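Here the structure comes first, spelled out in structure tokens, and everything after it is commentary.
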Amino acid sequence: MTRFEPRDQIRAMSGYHSPQVDVPVRLNTNESPFPPPTEWVTMLADIANTVSWNRYPDREATELRTVIAQRHGVSPDNVFVANGSNEVLQTILLTYGGHGRTVVTFEPTYQMYGQIARVTGANVVTGQRGDDFTLDSAEIDRIVQQHNPAVTFLCNPNNPTGVIESQKNLDTLLSLASGIVVVDEAYAEFADWSAISLVNEDLPLIVTRTFSKTLSLAALRVGYAIAPTWVIEQLNIAVLPYHLDAFKQAATVAALLFTSEMETRVSLIKTERSRIELALQGHGIRVWPSGANFVLFRPHGENVQGFWSQLLNHGVLVRDCSGWPRLEGCLRVTVGTPQENDMFLSAVEAIMASHR
Ligand SMILES: *Cc1c(COP(=O)(O)O)cnc(C)c1O
């Protein structure tokens, strides 16, 4: 059969996949290790019973936007919700990126920015972070002056490095007044500052959040943006009509009754994160200080793929980042439950011992 060729942008890409392997301890995709409250799961049956399944859902997701707005002390007109923050990012790029426009990322960072930007036709320019993966304001200045981006991404804390972005860098970007600036706060609850309080009508600033990480609802696929009203209006034009189904809207409203319960786990994760960082350093392994629920590390002098598959032999799956630009030799481990972290650390211990 002759195959019809896809667009150049699609053909040039191999896609974005996190291989899922069926192992006892899965620490590769930064989800919460804790399921959501059982009370919420029980409520879902009632919610399913109240949905008017023959009707289209509320296209504006009014109630959901209202409760999210309350959570952040903004107006519902400052809130855009979609199926995961990846769809939020895609909608931003459909609205402000696209053919003939430039999108800027500072590497290493979340791979989906470049991927979605290319799929939606934009030209992607990458600035570089330093060896410690912090970003120098001179680099921001250079890239923005040279390329005049339509959209620039910062990720705070940054995935996959865990490094917290400085507010000074965001201020620098905004003062250069070049296009839309997106701050992706997928891991904000684990870090010490948020850009949400900076959002106002006079700044081209969009902050994105997700239910997938702290809120233990990766399976539900919900994310949102907090932005000026004039941005939200345009995003609503670009997105598909009725993109949020009625069940999801109601289930998410119900989930927001339990946020404090889900957020109390944050302090446990942070304690476990320090334990992992210290233990890895104790083995002479380089780690980058993390403000998120994962730790990037580089097993020194090791064959990193070998290290990754030995972890797998011990039943522990982590993310192999070693093939990504700037991340030679690096693995990323998601902070799990204390038991899962124990299994990870004893696997590391065993691997290091076998090399001695
Ligand atoms: C996990 C993650 C997301 C979340 O995507 P969802 O589509 O909401 O699950 C967004 N940005 C970053 C940097 C992430 O790590």
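A few points about this structure:
- Kirkwood radius, the range 278-327, all distinct C-alpha pairs, inverse of mean reciprocal distance: 11.8 Å.
- Heavy-atom accessible area per residue - the range 1-126, 1.4 Å, Å²: 57 Å²
- Within the range 1-98, the percentage of alpha carbon pairs spaced more than 19 angstrom apart rounds to 72%.
- At the listed q of 0.15, 0.17, 0.22 Å⁻¹, the Debye profile of the range 203-256, built from one uniform point per Cα, gives log10 I(q)/I(0) equal to -0.51, -0.65, -0.97.
- Fraction of accessible area attributable to carbon and sulfur, the range 190-271 (%, probe 1.4 Å): 58 percent
- Accessible surface, the range 242-356, averaged per residue in Å² (probe 1.4 Å): 41 Å²
- Listed residues S274, S175, S85 arranged by accessible area, highest first, probe 1.4 Å: S175, S274, S85
- Scanning the chain for GluC sites (Glu not before Pro) lying in DSSP loops with no more than 11 further Cβ atoms inside 10 Å, the longest uninterrupted stretch between such sites is 1-200.
- Residues whose amide H falls under 5 Å from that of V124, counting only those 5 or more places apart or on a different chain, are V103, with hydrogens built in the peptide plane.
- J(HN,Hα) series, the range 251-266, from Karplus relation 6.51 cos²θ - 1.76 cosθ + 1.60, nearest Hz, glycine and proline x: 5, 6, 4, 5, 4, 5, 6, 10, 4, 5, 4, 6, 7, 5, 5, 4
- Size of electric dipole in the range 1-133: Cβ of Lys, Arg +1 and of Asp, Glu -1, about Cα centre, debye, nearest 20: 460 debye
- Projected area averaged over orientations for the range 61-201, convex hull of C-alpha atoms, nm²: 8.4 nm²
- Nearest-20 debye value, the range 164-283 charge dipole, Cβ charges on Lys, Arg, Asp, Glu: 400 debye
- For the range 170-303, convex hull of alpha carbons as volume per residue, Å³: 171 Å³
- Charge dipole magnitude, Cβ of K and R +1, D and E -1 - the chain, Cα centre, debye nearest 20: 680 debye
- Whole-Å semi-axes of the range 239-356's equivalent ellipsoid (Cα gyration tensor): 34, 18, 13
- The rule of thumb for compact globular proteins, 2.2 N^0.38 Å, goes into the C-alpha radius of gyration of the chain 1.02 times.
The values are calculated or read from the model by the stated rules, or taken from the named source; none is laboratory data. What you see is a predicted model; the values in this text were computed from it and never measured. Note that we place each Cβ from the backbone using ideal geometry, even for glycine, and neighbour counts take in every protein chain shown. For the accessible areas, the whole protein counts, side chains as well, though only heavy atoms, and no ligand, DNA or RNA atoms are used. Shrake-Rupley method; radii C 1.70, N 1.55, O 1.52, S 1.80 Å.
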